[in-house]
Amino acid sequence: MRNPVYQGGGPLTGATGHARRGRRRTALRLLPLLSLVVLPAPGQARDAPEIISNLCIACHTMDGNALVPAFPKLAGLHAEYLEKQLADYASGARKHEAMQAFASDLSRNEMRALAAHFASQRRHDGVVTDPGLVERGRELYHEGNKANGVPACAGCHKPDGSGTPRSVMIAGQNAPYVAEQLTLFKNDTRTNDRGRLMRTVAGRMTPEEIQAVAQYVASMQ
Amino acid sequence: MTERMTTRMLLGAVLIAVGAGLAGAADEPAQPRAPGIESPGYVWNEREEEKLLALKAEGNAVRGEISFDVCQGCHGFGAPGDVEGYYPRLAGQHATVLIKQMTDVRAGRRDNPTEYPFLTEHVISVQEIADIAAYLAELPVTPDNGKGPGTDLERGELLYRNDCLSCHGPDGLGDAEDFYPRVSGQHYAYLLRESRDIRDGRRRNANPEMVEVIEGYTDDDVMAVSDYMSRLPLKGAAPGEAAVDAQ
């Protein structure tokens, strides 16, 4: 995924001091682009709606129901999970150039407020783009696959996909995002999962299973 | 071809191999391997540190239910396993037996590489082992387990009474204190697989006295006795209570 805002921007990767400086410079260069940005006085926390309308709205929308299929919906996700993800982006434990830049400018209190805001929003139904795959995906979600050792997703994410504070809600999530994350887990690129659980699960899945289950997840209400 | 070129090409090949490895599936936590029944000096049910700690810990069934969520994807909600017996039923098994099996898998004495990544210390703490065992031991056992073909039950019963009853009990309830598993209500295919694996030395944490008994069994004997066990009527004390008594 390429973030349009950052195309051609400075070096944003890595956690080295050099890259960190690069990121801060980029963030500064971006400031004039972001209308209505009010720089907070040191120690003064901005509230969630203010941050979202300034920084997050273009990709995630105000209520966290991202319209662009490659961006995750945040609405209804568990607050604990959202806060952990923001902290992981900021520390580099979850790698994503754009999200790291946004998250590293947030204080812990702001992360908590943003997490609470998105957690309390109502999630809109997902969009199935390949209905032919839904049945295969349903089977995998609820039964797993004994042949390659994939456990049923339902065990951790619950049969209705509503999840738990540890195993996040996935029902109705955008299918391309789900497929992308499963692939990142599989390739050992997303590595912030507790105890390597999702890397183990996705590592056992075939690319076809990933596409099928992503369609089923999007169909779950 | 100069020596340096060869070295460089070799290095290149190694880097490509490493790169290919990285681009492939994520490496799963690999199960360790500890000596088992195949090794001289094998001591059955040796209480190494982790097993001892888990057995001493006071299991909390409420917390155990939460911790068990990473297991449900295979063992199912309420731990019924599956009737085809690929995943065993864990509901109603003695807490001591469950703790022994879990810590044996972690130590690498019972091979189960498929399950191992979900049971590592990074996922399940020693306290959680005790919690999960307490939770599972209290779950009800229902009569819908997978049954055998029912073709040789008389012989099955005879074999069971002669050779197995002394440990697994007249009703197949096993014994919590002695770490004898409950076998009633278990799925036929699982009972069959384990009996064979124990006979053939594949289940490396097996009890040597049981091996002695089952060593001479033919495949037909093992099928008949497994069939009989899968049809044992469900009666006797709730195993959860028995397991609590033993602690």
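The values are calculated or read from the model by the stated rules, or taken from the named source; none is laboratory data. A quick note: this is a predicted structure, and the numbers were derived from the prediction, not measured. In this analysis, Cβ positions are derived from the backbone assuming ideal geometry, glycine residues included, and neighbour counts consider all displayed protein chains. The protein model used for the area step is the full one, side chains on, heavy atoms only, and it has no ligands, DNA or RNA in it. Shrake-Rupley method; radii C 1.70, N 1.55, O 1.52, S 1.80 Å.
Quick look at the values:
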quantity	calculated
Matching residues, the range A:194-208, being over 15 Å from A:Glu180 (Cβ atoms), of a type in the set (D, E, K, R) and either modelled with pLDDT of 95 or more or crowded, with 22+ Cβ neighbours inside 10 Å (or both)	A:Arg196, A:Arg204, A:Glu208
Hey, B:Arg63 touching a residue at least 12 places away in the same chain (Cβ under 8 Å), crowded, with 20+ Cβ neighbours inside 10 Å and of a type in the set (Lys, Arg) or not	no
Unique match (being of a type in the set (S, T, N, Q), in contact (Cβ under 8 Å) with a residue 12 or more places away in the chain and assigned to a helix (DSSP H, G or I)) among A:Thr200, A:Thr183	A:Thr183
Residue ID - nearest to the chain's Cα centre (by Cα), chosen from residues in the range A:170-193 that are open to solvent by 50 Å² or more (accessible area, probe 1.4 Å) and more than 12 Å from chain B (Cβ to nearest Cβ)	A:Glu180
Complete set of residues in the range B:127-140 that are surrounded by fewer than 19 Cβ atoms within 10 Å (Cβ to Cβ) and either of a type in the set (Val, Ile, Thr) or not in a loop (DSSP other than H, G, I, E, B) (or both)	B:Gln127
Answer from B:Ala206, B:Ala176, B:Ala224 - the residue that is over 21 Å from B:Gly85 (Cβ atoms) and open to solvent by less than 30 Å² (accessible area, probe 1.4 Å)	B:Ala176
Positions within the range B:76-90 being away from chain A (no Cβ under 11 Å) and either without any contact (Cβ under 8 Å) to a residue 12 or more places away in the chain or of a type in the set (Val, Ile, Thr) (or both), in sequence order	B:Val83
Qualifying residue in the range B:57-72 (condition: within 14 Å of another protein chain (Cβ to nearest Cβ) and not in a helix (DSSP H, G or I))	yes
Residues located in the range A:158-169, provided they are at positive phi and either more than 10 Å from chain B (Cβ to nearest Cβ) or touching a His at 6+ places or on another chain (Cβ under 9 Å) (or both)	A:Gly161, A:Gly163
Residue ID - least open to solvent (accessible area, probe 1.4 Å), chosen from residues in the range B:33-52 that are in a helix (DSSP H, G or I) and under 20 Å from B:Tyr180 (Cβ atoms)	B:Lys51
Scan of the range B:78-87 for residues that are open to solvent by less than 20 Å² (accessible area, probe 1.4 Å) and more than 21 Å from B:Gly64 (Cβ to Cβ), ordered by number	B:Gly85
Selected residue [surrounded by fewer than 19 Cβ atoms within 10 Å (Cβ to Cβ), under 21 Å from the mean Cα position of the chain (by Cα) and either among the small types (Gly, Ala, Ser) or modelled with pLDDT under 95 (or both)] from A:Ala113, A:Ala98	A:Ala98
Yes/no for B:Leu173 being away from every other protein chain (no Cβ under 14 Å), part of a helix (DSSP H, G or I) and not β-branched (Val, Ile, Thr)	no
Residue in the range B:181-201 that is open to solvent by 70 Å² or more (accessible area, probe 1.4 Å) and assigned to a loop (DSSP other than H, G, I, E, B) present	no
Flag for B:Arg182 being within 27 Å of B:Gly64 (Cα to Cα), more than 14 Å from chain A (Cβ to nearest Cβ) and at pLDDT 95 or above	yes
Which listed residue is surrounded by 19 or more Cβ atoms within 10 Å (Cβ to Cβ) and over 15 Å from the mean Cα position of the chain (by Cα), from B:Leu90, B:Leu55, B:Leu98	B:Leu55
Scan of the range A:160-180 for residues that are in contact (Cβ under 8 Å) with a residue 60 or more places away in the chain and hydrophobic (A, V, I, L, M, F, W, C), ordered by number	A:Val168, A:Met169, A:Ala175
Given (1) open to solvent by less than 70 Å² (accessible area, probe 1.4 Å); (2) part of a helix (DSSP H, G or I), index of the condition A:Leu106 fails	(2)
Selection count, the range A:120-157, where residues are closer than 13 Å to A:Glu209 by Cα, more than 14 Å from chain B (Cβ to nearest Cβ) and surrounded by 16 or more Cβ atoms within 10 Å (Cβ to Cβ)	5
